[in-house]
Amino acid sequence: MDQTENNLALRALKLLEQIPSDQRLLIGLAGSPGSGKSTISKHVVQKINELYGSEIAIVVTQDGFHYYRSELEKFPNREEAFKRRGAPFTFNSKKFLKLVKLLREPINENVVITAPDFDHKLKDPKPRAIKVEPNHMIVIIEGNYVLLKDENWKEIGSLVDERWKINVDSTTARSRIVKRHLESGISNSMEEAIKRCDGNDMINAEYIRMNSCVPDLVIQSIDE
């Protein structure tokens with residue numbers, strides 16, 4: 001992955017040169033479950049900061065905008081919402097859009113923009129876990145649905161400076177997801193992990209494939 005992350009970091013730094021000095025470079029990084037978005041975004045940010053010589057890049061993740069379980073309890077289709085947690089309708093896309101609009105505004109040297117992350121132990125978002133400081137001139141906005149054509153998601157995609165999408169074949173993605181469900185304790189058996197993957201994650205992957213905007217750059221998923 002070293003060459004891929006290096007090339008992406010160099011691309012981001014080149015794009016930054018074209019951005020007004022009072023603006024952040026926003027990159028939307030999307031891909032289906034199991035495509036490696038979190039890993040690639042983390043590595044690219046590390047490489048950008050390494051090449052630049054200081055911390056100018058950070059990741060903001062869509063996962064922080066899961067609806068809380070207490071909110072899902074109030075859904076009219078409560079059982080389906082919990083079963084399909086991770087599908088587009090189980091995210092607060094309006095709140096996510098509000099954050100991206102804040103990031104799009106001119107940098108204020110006296111303002112730190114906070115964003116939630118997802119706490120896997122609590123299985124809920126953790127407020128203000130991510131801090132976008134004035135020195136963060138590059139923000140990678142990472143998530144499955146960043147490039148969707150749906151309401152709110154489409155506007156998020158229109159606010160970023162460049163849209164990246166990771167491609168992965170379904171067999172590889174499925175294998176990674178099943179392994180992740182087992183290792184994280186989400187599923188207690190291989191049978192349960194496969195059922196969860198096929199009954200939710202792979203459905204979401206197909207929805208992403210059918211309903212995403214055209215990206216500016218396609219990245220082929222690579223194993224570490």
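The values are calculated or read from the model by the stated rules, or taken from the named source; none is laboratory data. Everything quoted here is computed from the prediction, not taken from an experiment. In this analysis, Cβ positions are derived from the backbone assuming ideal geometry, glycine residues included, and neighbour counts consider all displayed protein chains. Keep in mind that these areas ignore ligands, DNA and RNA; they rest on the heavy atoms of the full protein, side chains included. Shrake-Rupley method; radii C 1.70, N 1.55, O 1.52, S 1.80 Å.
Spin-label point model (7 Å from Cα, Cβ direction): what's the E151 to D2 distance in nm?
Rounded to a tenth, the inter-label distance reads 4.9 nm.
How many angstrom lie between the C-alpha centres of the stretch 113-136 and the stretch 31-75?
Centre-to-centre distance over Cα atoms comes out at 10 Å.
Within 10 Å, count the other beta carbons around each residue, average over each peptide in 168-179, 98-109, and list them highest first.
So the order, starting with the most tightly packed, is 168-179, 98-109.
Cross-link partners among lysines for K154, C-alpha distance below 16 Å, same-chain residues fewer than 8 apart left out?
Leaving aside lysines fewer than 8 places away in the same chain, those within reach of K154 are K94, K95, K98, K101, K165.
So what are the stretch 131-174's ellipsoid semi-axes, whole angstrom, largest first, if each one is the square root of 5 times an eigenvalue of the alpha-carbon gyration tensor? Walk me through the intermediate numbers first.
On the way: eigenvalues 114, 49, 16 Å².
Semi-axes (√(5λ), whole Å): 24, 16, 9.
Considering only DSSP beta bridges where both residues belong to the chain, give the percentage that are antiparallel (nearest 5).
Values: 8 of 28 bridges.
Just about 30 percent of them are antiparallel.
How big is the charge dipole of the stretch 112-157 about its Cα centre, in debye rounded to the nearest 20, if each Lys and Arg gets +1 on its Cβ and each Asp and Glu gets -1 on its Cβ? Write down the numbers at each step before the final one.
Details: 7 positive and 8 negative charges, 29 e Å.
Charge dipole, the stretch 112-157, about its Cα centre: 140 debye, nearest 20.
Under the 0.36 nm per residue contour assumption, what length would be gained going from the current alpha-carbon distance of E206 and K74 to full extension?
44.8 nm
How many nm is it between the label spots at H120 and I19, if each spot is 7 Å from the Cα in line with the beta carbon?
Output for this residue pair reads 2.8 nm.
Within the P(r) computed for the chain, what percentage of the Cα pairs occupies the region above 31 Å?
Result for the distance tail: 19 percent.
Work out the FRET efficiency for D216 and E133 from their Cβ-Cβ distance, taking R0 = 35 Å, and round it to the nearest 0.05.
My answer for the efficiency is 0.85.
If the stretch 91-224 were replaced by its equivalent ellipsoid, with semi-axes equal to the square roots of 5 times the Cα gyration tensor eigenvalues, what would those be, largest first, whole Å?
Taking √(5λ) for each eigenvalue gives 29, 19, 14 Å, largest first.
How large, in percent, is the carbon and sulfur part of the accessible surface of the stretch 1-128 at a probe radius of 1.4 Å?
The computed percentage sits at 48.
For the chain, what is the charge dipole size about the Cα centre, in debye to the nearest 20, if Lys and Arg each add +1 at the Cβ and Asp and Glu each add -1 at the Cβ?
Roughly 560 debye, rounded to the nearest 20.
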